[in-house]
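My questions will all concern the structure given below.
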């Protein structure tokens, strides 16, 4: 069973339209959602647990259609929003009690362990916590009820590199159990590169690409060459280019590149930037 | 729903500590003014306290919207009906406690001869009606259009009520109306039934509107 499936999912806010979105996240895998601000990452994440109603298409979460009848399946889903969204006057301890009342499988000992390991103050009001501590508390809350699926919106945003690394490790550990999956959006593409099995690129509400990370890295490469050589390439081989007075770099399909062309491996960040901004 | 209720109780406890102090002061003033014969204050402070208590659901909804808890709560295993119901239950709980307190005060004052029993009964019913009307009218628009617009409607309603009653004049007018004009308490019973129906209808309307709202 797939953890998440969307078919033709659309949502319109004013002049912005997300989709149609066709995504599949197999169980046991981690999918990273990459996109610039306003690309539709948060909207996608809110559509899945039924926090926002779609205008068209359908989504399933752990086999259950997303919408008002997700009450039971939400027991198995952990969500972290970009602004977390816990009540401002509650402390971490109180929030633990609230979440314990919400989830049948709440593991208080695990929650307290995360509070300790992530150095989250337990007696400060949520509104008085730093952005990093708010996010850490959100992650601790989402991880402490034995969820089978985590849906995380920018969970590493605002965290310092050490804690970010710690969070990435916790998330990697979470998916050791093959029945667990994660959908995660982030601006910090290096985190996604470390973590994800699948990468989905969103740009202005459209899904540019959704593929296994390793296949993306195998299929595409960066060609460094001169302008004349670049112009000689078949247009379908070049997905994006970066021209400076000193160099020419192009994102190319390895299978369409001429034999003998010197290609270097592409990073996910380069892939995204060149796909979106590369002057074709 | 238990989780939402617990979150609301924690928020109410930390955000409205001053309210408990105000109620205590209002209770003392009510007793003092009734014993000394200044009956107007015996109604003004209870009404004010009841209206504040009946705003609890609205105040909590406003806090939820400010922290985006109203959005996050939908990721929990509960639905929008639970979110609405929680606010109505918390309102009834807070308002109910304050109403019980002042009803008990009126009963003691009547028992000690500082107030007529009919007046005590009438004032208690008046508090009940006022305390339930305010959230019944204000909560549906708050759930439909958000707390800011809902609060404007609430304030407009208070202005209308204040204009109609006025603390002192209202109390005097109510005394002039006199409970004996209400045969066998039928009017009181009808009024209570009406207000209960209004509250229940408001609850159902809030659920319906909130389920349609785009957050």
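Throughout, read-outs are computed from the coordinates displayed, never taken from laboratory work. These numbers were taken from a predicted model, which means no experiment stands behind them. As a convention, Cβ positions derive from the backbone with ideal geometry for all residues, glycine included, and neighbour counts pool all protein chains shown.
Would you mind getting me the FRET efficiency between residue B:2 and residue A:215? Use the beta-carbon distance for r and R0 = 41 Å, nearest 0.05.
Once rounded, the FRET efficiency stands at 0.35.
Could you tell me how many degrees, from 0 to 90 and to the nearest 10, lie between the Cα long axis of helix B:41-54 and the main elongation axis, the longest principal axis, of the Cα atoms of chain B?
Value to nearest ten degrees: 10.
Right, another one. Across peptide B:60-72, what mean number of C-beta atoms from other chains lies inside 10 Å of a residue's C-beta?
Working: counts 1, 0, 0, 3, 3, 0, 3, 10, 8, 8, 2, 6, 11.
Taking the mean over all residues of the peptide, I get 4.
A further question on this structure: Quick check on chain A: helices-only [θ] at 222 nm, where DSSP H runs of length 4 and up contribute -39,500 (n - 2.57) each and the sum goes over total residues. Nearest 500, please.
-8500 deg cm²/dmol
Just to be sure I understand: with springs between alpha-carbon atoms less than 10 Å apart, which residue in A:243, A:208, A:216 has the highest mean-square fluctuation in the Gaussian network model of chain A?
A:243
Please give the Cα centre distance for segment A:1-44 versus segment B:121-165, rounded to the nearest Å.
Their Cα centres are 42 Å away from one another.
To one decimal place, what Kirkwood hydrodynamic radius in Å is obtained for segment A:217-277 from all pairs of distinct Cα atoms?
Result for segment A:217-277 stands at 11.4 Å.
Where does helix B:56-67 land angle-wise versus the long Cα axis of chain B, in degrees 0 to 90, nearest 10?
Roughly 30 degrees between the two axes.
Just counting partner chain Cβ atoms within 10 Å, what average do the residues of peptide A:81-92 show around their Cβ? It would help to have the intermediate numbers written out before the result.
On the way: counts 4, 1, 4, 4, 10, 6, 16, 9, 10, 8, 2, 0.
Counting other chains' Cβ atoms within 10 Å and averaging over A:81-92 gives 6.
On a 0 to 90° scale, report how tilted helix B:17-35 is relative to the longest principal axis of chain B, with both axes built from alpha carbons and the result rounded to the nearest 10.
On a 0 to 90 degree scale, this one is about 10.
Moving on. Below 8 Å, C-alpha to C-alpha, sequence gap of six or more: please give me the relative contact order for segment A:217-277 in percent.
Details: 95 pairs, mean separation 27.1, N = 61.
Answer for segment A:217-277 is 44 percent.
Between segment A:75-143 and segment B:32-109, what's the alpha-carbon centroid distance in Å?
28
Report the calculated FRET efficiency for residue A:206 and residue B:196 (r = Cβ-Cβ distance, R0 = 60 Å), to the nearest 0.05.
On the way: r = 53 Å, r/R0 = 0.88.
It comes to 0.70.
Under a point spin-label approximation (7 Å from Cα along Cα-to-Cβ), what is the residue B:36-residue B:212 distance to one decimal in nm?
Inter-label distance under the simple model: 5.3 nm.
Sticking with the crude label model, points 7 Å out along Cα→Cβ, report the distance from residue B:162 to residue B:111 in nm, one decimal please.
3.5
Then there is this: For chain A, I need the span (max minus min coordinate) of the C-alpha atoms along each principal axis, in Å, sorted largest to smallest.
65, 40, 37
Using a 7 Å offset from the Cα along the Cα-to-Cβ direction at both residue A:15 and residue B:148, what is the distance between the two label points in nm, to one decimal?
Modelled inter-label distance: 2.2 nm.
Moving to a separate point now. Below 8 Å, C-alpha to C-alpha, sequence gap of six or more: please give me the relative contact order for chain A in percent. Mind showing how you got there, number by number?
Working: 555 pairs, mean separation 58.4, N = 280.
Rounded, it is 21 percent for chain A.
Here is a further query. Which of A:31, A:51, A:135 moves the most in a Gaussian network model of chain A with Cα springs under 10 Å?
A:51
By per-residue mean of other Cβ atoms within 10 Å, what is the highest-first order of A:37-47, A:116-126, A:184-194?
A:37-47, A:184-194, A:116-126
Which of these, A:148, A:131, A:215, has the largest mean-square fluctuation under a Gaussian network model of chain A (Cα springs below 10 Å)?
Highest fluctuation among the options: A:215.
Assuming 0.36 nm per residue, please report the length gained on full extension of the stretch residue A:244 to residue A:127 beyond their Cα-Cα distance.
37.5 nm
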